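Enquirer: My questions will all concern the structure given below.
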There are 2 protein chains.
Amino acid sequence: MGGMRDIGALLERFGEGKTAAAARLITILEEGGDGAERVMDTIFARTSGAYRIGFTGPPGAGKSTLVYRLAKLFRQKEHEIGIIAVDPTSPFSGGALLGDRIRMQKLSEDPKIFVRSLASRGSLGGISNCTDEVADLLDAFGKDLIIIETVGVGQSELEIAEKSHTVVVILVPESGDGIQAMKAGLMEIGDIFVMNKADHPDAVLAAREIENSLRLKDIPEGNWQPPVLLTSALEETGMEDVIREIENHRRWLEERDLFEEKRRLILRSRVRDAFMDKLERKLWHDSSITRILESRIGEVYDGRLSPYRMVEELERLVTVE
Amino acid sequence: MGGMRDIGALLERFGEGKTAAAARLITILEEGGDGAERVMDTIFARTSGAYRIGFTGPPGAGKSTLVYRLAKLFRQKEHEIGIIAVDPTSPFSGGALLGDRIRMQKLSEDPKIFVRSLASRGSLGGISNCTDEVADLLDAFGKDLIIIETVGVGQSELEIAEKSHTVVVILVPESGDGIQAMKAGLMEIGDIFVMNKADHPDAVLAAREIENSLRLKDIPEGNWQPPVLLTSALEETGMEDVIREIENHRRWLEERDLFEEKRRLILRSRVRDAFMDKLERKLWHDSSITRILESRIGEVYDGRLSPYRMVEELERLVTVE
């Protein structure tokens, strides 16, 4: 499967725009290891800085339906679109109703749209380790607009902010207490807030609450002021507003050279993540580390050695030139 | 605040069983750094392997109310209890209704119960970095039963499994599609499943679904077979069943020497986590690492250097003796 010769052939067909080759290469990226590195080395140079939009919010907020509607509208504006769903509740990943899944399949029949779901790192929520790589691959494949859909729980909301130019937070009025509390984290990262299910009797009130929370944050003048929009993805209302605000935010970033600055931050965070991941694998397979760990964990267990001292001992084995 | 002399005095008062000192020491653990290490070095030797129970489930499942009820029942059995809430939706953390919060405050008026909420690592969900340390501190403070409450989303469900002897998963029948999908992750980690809100018309059906999923997992005979219980934390029904099954699971672990084995796994996972955290901080402040990063990130940005090659260069700076 992932043999180096095969990868060469796949990369060639990928360069010719073959969707099947792109799909196979993504699987290789998911598997990680040397194959993934080989793919990335070739592909990275072909990226051209596609615009990345993150969509996040609690499960059941209607993220996927909204993404579906917006993707259709963006297509009318001649964008080529890559959609990455790292959301176990997404219909892309088989997590939702059959009707949704069928709609999503329809979307991917358009050759200018590439849809891919990725397993999340934990069994749910966390962004997949290879989200960045897949986004680059879709960028190199000619998609100028990459949509990343994640469920807005756990640490994922911070990660999505590190990976996107524009973050759209999707909320619904009927959310319970738990979801209310979740908003706290989401409030920090949204560039655009969407109160979906606008036909709900509490929608206007809920949107106003978000506006109030934003006002309390007292964002300095001159900074981006996140708008709060009312939509109904099911009824297809308010979709143009979302598109317009996404375009406004992009323009705002570009006018201040922040678009490129964001890309720089995205790259920096991924180098850091990839470095720490690689180091963890390396160290946890290193014989001197595992030997010390195995031989002395018993002392930790007996309470004779504190975990901190153990960590210190392990750390002493690691030197930076 | 965290001066070393103060810490000495605090540790002394902690040793005398002063709750205020324990609370202050937890704050020092939360702050991390040298103070936290000093505290842990002293405290770790005083731990005696308290029983750790993780409670997890989707927001709004009634985790906190259940924990409240169970804590009261465990107290009747002469247990001393430490409760750590790493759940932004928990009333302990101020995330829920006023009535709940008042109930929780009442709980902590019992000197044999120590309640503490911790900020989660991300703004929500993720288990706090210092959960292990706080659990040890409460153990050293004489609590023989430590309850860790987390919202079961993101990666936290895997983490809670690594930190607990027994994991209780709390679900509710009315959960929507999103929650259904979340269950996938929760199914893997539960030792006991609780279908809360048993008065809901779909409760029995929902419990049967969980039982079916467990049957499909085909857990080998001789392994622990997770029970599925119906409760109503609000109506206070089924609480004794939960207590009984928790005790059953504990006995089951103990009879197979798995109780101690679990503690060993808990310690191993925390040494690993603490090691990687410390290493990340160290490396990201190391001048040779940051110099290379700063000087060459531009090449990554221009597409001349792939992130993987950059990571390789950074990795070459790190050697293990």
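Throughout, read-outs are computed from the coordinates displayed, never taken from laboratory work. What you see is a predicted model; the values in this text were computed from it and never measured. Using ideal geometry, Cβ is built from the backbone for each residue, glycine included, and neighbour counts are taken over all protein chains shown.
Enquirer: Within the range A:200-294, list the GluC sites (Glu not before Pro) lying in a DSSP loop whose Cβ has at most 10 other Cβ atoms in a 10 Å radius.
Expert: Here the sparse-neighbourhood loop sites are A:Glu221.
Enquirer: Quick one: with label points 7 Å out along Cα→Cβ, list the inter-copy distances for B:Gln76 in nm, shortest first?
Expert: 6.4
Enquirer: Other chains near A:273-286: what is the mean number of their Cβ atoms within 10 Å of each residue's Cβ?
Expert: Other-chain Cβ atoms within 10 Å of each residue's Cβ, averaged: 5.
Enquirer: Right, next: Which ordering of B:Val194, A:Val204 is given by a fewest-first count of other beta-carbon atoms within 10 Å?
Expert: In increasing order of surrounding Cβ atoms, one gets A:Val204, B:Val194.
Enquirer: Taking each residue of A:296-303 in turn, how many C-beta atoms of other protein chains fall within 10 Å of its C-beta, and what is the average?
Expert: 4
Enquirer: List B:Arg38, B:Arg270 from most exposed to least, where exposure is judged by having the fewest other Cβ atoms within 10 Å.
Expert: Arranged by neighbour count, lowest to highest, B:Arg38, B:Arg270 become B:Arg38, B:Arg270.
Enquirer: In addition: For the range B:1-46, with the dipole built from +1 on Lys and Arg beta-carbon atoms and -1 on Asp and Glu ones, taken about the Cα centre, which of B:Ala21, B:Gly32, B:Ile7 lies farthest toward the positive end?
Expert: The listed residue farthest towards the positive side: B:Ala21.
Enquirer: Among A:Lys63, B:Lys18, rank each residue by its count of other Cβ atoms within 10 Å, from fewest to most, as a rough exposure measure.
Expert: B:Lys18, A:Lys63
Enquirer: Here is a further query. By the scheme Lys and Arg +1, Asp and Glu -1, what is the net charge of all other residues having a beta-carbon under 10 Å from that of B:Phe14?
Expert: That sum, taken over residues with Cβ under 10 Å, equals +2.
Enquirer: Over the range B:1-46, what is the relative contact order in whole percent, taking alpha-carbon pairs under 8 Å and six or more residues apart?
Expert: Contact order relative to length: 36 percent.
Enquirer: Using the 7 Å Cα-to-Cβ label point, sort the distances from A:Ala9 to its equivalents in the other copies shortest first and give them in nm to one decimal.
Expert: 7.6
Enquirer: Say each of B:Gln225 and B:Asp110 gets a label point 7 Å from the Cα, pointing the same way as Cα to Cβ; how far apart are those two points in nm?
Expert: 3.3 nm
Enquirer: A follow-up question, please. Using the 7 Å Cα-to-Cβ label point, sort the distances from A:Glu221 to its equivalents in the other copies shortest first and give them in nm to one decimal.
Expert: Label-point distances to the other copies, shortest first: 7.8 nm.
Enquirer: Between A:Ile292 and A:Val320, what is 0.36 nm times their sequence separation minus the Cα-Cα distance? Round to one decimal in nm.
Expert: Roughly 8.1 nm would be gained on extension.
Enquirer: Moving on. Can you give me the distance in nm between label points at B:Glu313 and A:Arg215, each placed 7 Å from the Cα along the Cα-to-Cβ direction?
Expert: About 5.0 nm, to one decimal.
Enquirer: In percent, what relative contact order does the range B:191-321 have, based on Cα pairs under 8 Å that are 6 or more apart in sequence?
Expert: In percent, rounded to a whole number, it is 18.
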